[in-house]
1. Consider region 6-43. How many of its residues are closer than 17 Å to residue 95 by Cα and out of contact with any Pro (no Cβ under 6 Å at 6 or more places or on another chain)?
2. Suppose we filter region 24-55 for residues that are hydrophobic (A, V, I, L, M, F, W, C) and out of contact with any helix residue (DSSP H, G or I) (no Cβ under 8 Å at 6 or more places or on another chain); how many remain?
3. May I ask you to list the residues in region 150-183 that are outside any helix (DSSP H, G or I) and surrounded by 11 or more Cβ atoms within 10 Å (Cβ to Cβ)?
4. If the requirement is being small (Gly, Ala, Ser), buried (at least 17 other Cβ atoms within 10 Å of the Cβ), more than 22 Å from residue 20 (Cα to Cα) and in contact (Cβ under 8 Å) with a residue 12 or more places away in the chain, which of these qualifies: 136, 96?
5. What is the residue count in region 11-31 for residues that are in contact (Cβ under 8 Å) with a residue 40 or more places away in the chain, exposed (fewer than 13 other Cβ atoms within 10 Å of the Cβ) and over 19 Å from residue 119 (Cα atoms)?
6. Which members of region 56-78 meet the condition of being among the aliphatic types (A, V, I, L, M) and touching a helix residue (DSSP H, G or I) at 6+ places or on another chain (Cβ under 6 Å)?
7. Checking residue 61 against (1) outside any helix (DSSP H, G or I); (2) surrounded by fewer than 16 Cβ atoms within 10 Å (Cβ to Cβ); (3) touching a residue at least 12 places away in the same chain (Cβ under 8 Å); (4) touching an Asp or Glu at 6+ places or on another chain (Cβ under 8 Å), which test does it fail?
8. Would you call residue 123 on the phi < 0 side of the Ramachandran plot, out of contact with any Ser or Thr (no Cβ under 9 Å at 6 or more places or on another chain) and hydrophobic (A, V, I, L, M, F, W, C)?
Amino acid sequence: MLKVGIIVGSTRPNRVGRIVGDWVATVAAGRDDAEFTLVDLLDVDLPLLDEGMPPLAAQYTHQHTKDWAATVADFDAFLIVSGEYNHSIPAALKNALDFVYAEWNNKAAGFVTYGADSGIRAVEHLRTVLAELQVATVREQVALNSYTDFENFYEFHPTARHEAALNRVIDQVLAWGGALRSLR
């Protein structure tokens with residue numbers, strides 16, 4: 001059975017990322033085709049990248065890096081929950097992606113994003129970053145609009161349409177994650 005990490009990419013106070021991440025985890029828990037684990041970057045608590053060597057060298061010296069490397073390595077695929085911050089991704093998410101390298105390789109990822117423009121520009125940045133990390137990203141995505149999918153920009157009221165879209169993302173992530181397993 002594939003292991004999928006649901007990464008909540010925002011760490012700012014009063015974030016909706018955890019609300020959306022909890023919804024993703026709840027929908028995923030209703031499936032029996034993979035094991036899903038919520039990983040909140042707020043709980044991971046990585047400092048700004050502080051390793052002396054590039055992650056490609058895999059010479060991690062700090063315990064927080066070794067712990068993060070073990071967390072990432074344990075998964076076959078990822079569902080990344082991200083807001084769109086200034087037409088890009090949250091700094092905490094970029095930092096977490098940059099900390100390790102080989103642990104991301106030959107895995108799959110799908111996206112659940114939110115923002116004034118539904119997080120679509122964040123996804124475009126994520127696709128290029130993840131390509132460098134040798135992560136295959138799937139076509140389907142869930143794009144939540146701050147104006148129409150949230151009340152007062154905070155209270156999320158998912159619909160059947162959102163759940164169907166999320167299940168399509170999960171289906172693709174599992175298909176690609178399984179296909180890439182032989183490369184790992």
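Rule-based calculations on the coordinates, nothing more; no lab input. Remember, predicted model here, so these are calculated numbers, not experimental data. Note: ideal-geometry Cβ built from the backbone for every residue, glycine included; neighbour counts use all protein chains shown.
1. Step one: of region 6-43, the residues closer than 17 Å to residue 95 by Cα are 6-12, 17, 39-43.
Checking which are out of contact with any Pro (no Cβ under 6 Å at 6 or more places or on another chain) leaves us with 6-8, 11-12, 17, 39-43.
So the answer is 11.
2. So the first thing to find is which residues in region 24-55 are hydrophobic (A, V, I, L, M, F, W, C), and the list is 24-25, 27-29, 34, 36, 38-39, 41-42, 44, 46, 48-49, 53.
Next, only the ones that are out of contact with any helix residue (DSSP H, G or I) (no Cβ under 8 Å at 6 or more places or on another chain) stay: 25, 29, 53.
Going through region 24-55 one residue at a time, the tally reaches 3.
3. 150, 153, 154, 156, 158
4. On the way: 96 fails: more than 22 Å from residue 20 (Cα to Cα).
Result of the check over 136, 96: 136.
5. The qualifying residues number 0.
6. First pass over region 56-78, keeping only residues among the aliphatic types (A, V, I, L, M): 56-58, 69-70, 72-73, 77.
58, 69, 72, 73, 77 - these are the residues of region 56-78 that are among the aliphatic types (A, V, I, L, M) and touching a helix residue (DSSP H, G or I) at 6+ places or on another chain (Cβ under 6 Å).
7. Going through (1) outside any helix (DSSP H, G or I); (2) surrounded by fewer than 16 Cβ atoms within 10 Å (Cβ to Cβ); (3) touching a residue at least 12 places away in the same chain (Cβ under 8 Å); (4) touching an Asp or Glu at 6+ places or on another chain (Cβ under 8 Å) one by one, residue 61 breaks only (3).
8. Working: on the phi < 0 side of the Ramachandran plot: yes; out of contact with any Ser or Thr (no Cβ under 9 Å at 6 or more places or on another chain): no; hydrophobic (A, V, I, L, M, F, W, C): yes.
Spelling it out, it is not the case that residue 123 is on the phi < 0 side of the Ramachandran plot, out of contact with any Ser or Thr (no Cβ under 9 Å at 6 or more places or on another chain) and hydrophobic (A, V, I, L, M, F, W, C).
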